[in-house]
1. Taking the Cα centre of the chain as origin, work out the dipole magnitude from +1 charges on Lys and Arg Cβ and -1 charges on Asp and Glu Cβ, in debye rounded to 20.
2. Select from region 196-239 those trypsin sites (Lys or Arg not before Pro) which occupy a DSSP coil region and have at most 13 other Cβ atoms within 10 Å, ordered by residue number.
3. Amide H to amide H, which residues 5 or more places from V103 or on other chains are under 5 Å from it, using H placed in the peptide plane?
4. Tell me the GluC sites (Glu not before Pro) within region 42-97 that lie in a loop according to DSSP and have at most 13 other beta-carbon atoms within 10 Å.
5. With a cap of 15 neighbouring Cβ atoms within 10 Å, and only residues DSSP puts in a loop, list the GluC sites (Glu not before Pro) found in region 180-273.
6. Can you give the helix-only mean residue ellipticity at 222 nm for the chain, where every DSSP H stretch with n ≥ 4 adds -39500 (n - 2.57) and the sum goes over all residues, rounded to the nearest 500 deg cm²/dmol?
7. Can you give the alpha-carbon Rg of region 225-264 over 2.2 N^0.38 Å, where N counts its residues?
8. Looking at [x] 83, 37, 36; [y] 80, 60, 29; [z] 50, 41, 41, which value of Cα extents along the principal axes in Å comes from a calculation on the structure shown?
Amino acid sequence: MAEENVFLVRVLNLEHDSGYFHAQSGTFAPGDHCIVEHNGLHMGIVMGVLAAGEGIGEQLEQLVRKATASDMDAYSHNQAEAERVLSSTREVVTRHDLPMHLVAAEYTVDRSHLRIYFTAPHRIDFRALLRDLAGRFGVRIELRQMGARDEAKLKGGIGRCGRVLCCHQFLHDPTPVPMEYAYDQELFVPPERITGVCGRLMCCLAYEHNAYKAELAQMPKLGTWVNYKGKRAKVIAHNIFRRTVTILTGERERIEAQLSEIKAASPSRKGPG
């Protein structure tokens, strides 16, 4: 059975898509700029080359060609032109009195397709707007509504950690982060301390969630009574990194004790409140 090559390509669109593409002909190497068919022609960068079974190319979108100097110029020009498109579109949105916040815009390389991203508090009937924009720009236009996390992913920014937002840099498919993640990690802090620039809980709360749950499962729960060097005390905090628990004794003394130094105590006797 003959094998075909498929190419892992990072598409240089606003959504930072990555995927596998098939080329009918040509030689491509990692690092090459290329043109791919991905809901229109887009610039991309080849990230890897893989061997695949016969017929796999029929299931994939096309890697059309290596990017030419003309393609690179068009890509740069289209990025600059997208800013003008946003400014012009805002005027039309204001005229239609629609509660839309425009986020970004992008052209395909051949300028046959224009996509405009926006946020809104609810679903919007933008059919009249779409007709006006199509007449103004003379291309096929797609209006795509997005949520707060998607806006942060597109626009980027600096997080509380001082680094570029994860969703903009590498976390291309962010998922909702429930408040339970904060509770499971015992982050008893004001909500704004764990809220990202998108106004939602920070995605990084999910990174170590499973590790916290596994470690805390080996520790006595908050409020549990324990014995420590002959003293009866209540567990009031954990530190999974040092593998310690903070306890409150009957004399109102706070002690950080190693997990190995405490033993479970009967809950029947009274201790500190």
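1. Numbers: 34 positive and 33 negative charges, 405 e Å.
Computed about the Cα centre, the dipole is about 1940 debye.
2. Numbers: sites: R200, K213, K221, K229, K231, R232, K234; in loops: R200, K221, K229.
Within region 196-239, the qualifying trypsin sites (Lys or Arg not before Pro) (loop, at most 13 other Cβ atoms within 10 Å) are K221, K229.
3. Y117, F118, T119
4. E54
5. Details: sites: E180, E186, E192, E208, E215, E251, E253, E256, E261; in loops: E186, E208, E251, E253.
Qualifying residues, ordered by number: E186, E208, E251, E253.
6. -7000 deg cm²/dmol
7. Values: Rg = 9.0 Å, N = 40, 2.2 N^0.38 = 8.9 Å.
Normalised Rg, Cα atoms only: 1.01.
8. Given [x] 83, 37, 36; [y] 80, 60, 29; [z] 50, 41, 41, the structure-derived one carries the label [y].
Rule-based calculations on the coordinates, nothing more; no lab input. Quick caveat, the model's predicted, so the values are computed rather than measured. So basically every Cβ, Gly included, is an ideal-geometry build from the backbone, and we count neighbours across all protein chains shown.
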